[in-house]
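These notes concern the structure reproduced below.
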Amino acid sequence: MSEEPAPKSIPESSSSAVNGGRTNEECQDMIQRSLRNPTVKFLRQHLEKAGCGFGDKFIKAVHCDKKIAGGYVRGEGILVCSNHMNIQDEVNQVIIHELIHAYDECRAANLDWSNCAHHACSEIRAGHLSGDCHYKRELLRGYMKIRGHEQDCVRRRVMKSVIANPYCSAAAAKDAMEAVWDVCYNDTQPFDRAP
């Protein structure tokens, strides 16, 4: 398969309320504001350094029928589900998460999204490095665990995403995640450490 099963492969939306969301035009304006976010700028610079710069149409606002936040599609870029975005922080989070997938694909010439281990590894990295599993976000989602919440959150979101991959059964997704966990969780590139 030449692309990540997107956008359906993206884990649950980081939105705490999906009240109709934004129009594509409003979301596109939010995407433009995201490009000024320090983490987005950092990831964009590192994509460019790795030879994978992107143009104005790489990140697009779209209407999504499924309850997802967005996705990364090889050859197309990042899709942000406007109808599930309510605030700027949600757009920022989606873009950061998906830029990590784009970075992984850029640096790994043989990344195969149909390979459950490859997909799991990129999801582990995106969940861990993007801030998706920050304790405040978890509290807003209704997860109250204080200790060990981050790894539990990453595991839960990786499973949700990889299971949505048509090439990965639940058992294959779990086995793949466990097989690559240590290497991928500890791989913080292009960051010096996990944010």
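The values are calculated or read from the model by the stated rules, or taken from the named source; none is laboratory data. Here the structure is a predicted model, which means the values were calculated and not measured. Positions of Cβ are backbone-derived with ideal geometry, glycine not excepted, and every protein chain shown enters the neighbour counts. Just so you know, the surface numbers come from the protein's heavy atoms only, side chains and all, with ligands and any DNA or RNA stripped out. Shrake-Rupley method; radii C 1.70, N 1.55, O 1.52, S 1.80 Å.
Relative to the current alpha-carbon distance between Tyr143 and Asn115, full extension at 0.36 nm per residue lengthens the span by 7.1 nm. Remark: the range 114-195 carries a charge dipole of roughly 380 debye about the Cα centre, counting +1 on each Lys and Arg Cβ and -1 on each Asp and Glu Cβ. Helical content of the chain, expressed as a calculated mean residue ellipticity at 222 nm, amounts to -15500 deg cm²/dmol (DSSP H runs of 4 or more residues, -39,500 (n - 2.57) each, divided by residue number, nearest 500). Quick check: from the Cα gyration tensor, does the chain come out rounded (a/c under 1.5), prolate or oblate? Rounded, since a/c falls under 1.5. For the pair Arg107 and Asp89, label points projected 7 Å from Cα toward Cβ lie 2.8 nm apart. Annotation: lysines with alpha-carbon distance below 19 angstrom to Lys66 (same-chain offsets under eight excluded): Lys8, Lys160. Heavy-atom surface analysis with a 1.4 Å probe gives the chain a carbon and sulfur content of 51 percent of its accessible area.
Compared with the alpha-carbon gap, the fully stretched path from Glu48 to Asp152 is longer by 34.2 nm at 0.36 nm per residue. Extension gain, Lys57 to Thr188: 0.36 nm times the residue separation minus the Cα-Cα distance gives 44.5 nm.
Charged neighbours of Gly70, selected by a Cβ distance under 10 Å, balance to -1 (K, R count +1; D, E count -1). For the chain, the Cβ-based charge dipole about the Cα centre amounts to some 420 debye (Lys, Arg positive; Asp, Glu negative; other atoms uncharged). Accessible surface computed residue by residue for the chain, with neighbouring protein chains in place and a 1.4 Å probe, gives 48 Å² per residue. Applying a 4.7 Å Cβ-Cβ cutoff to the chain leaves Cys27 as cysteine residues with no disulfide-compatible partner.
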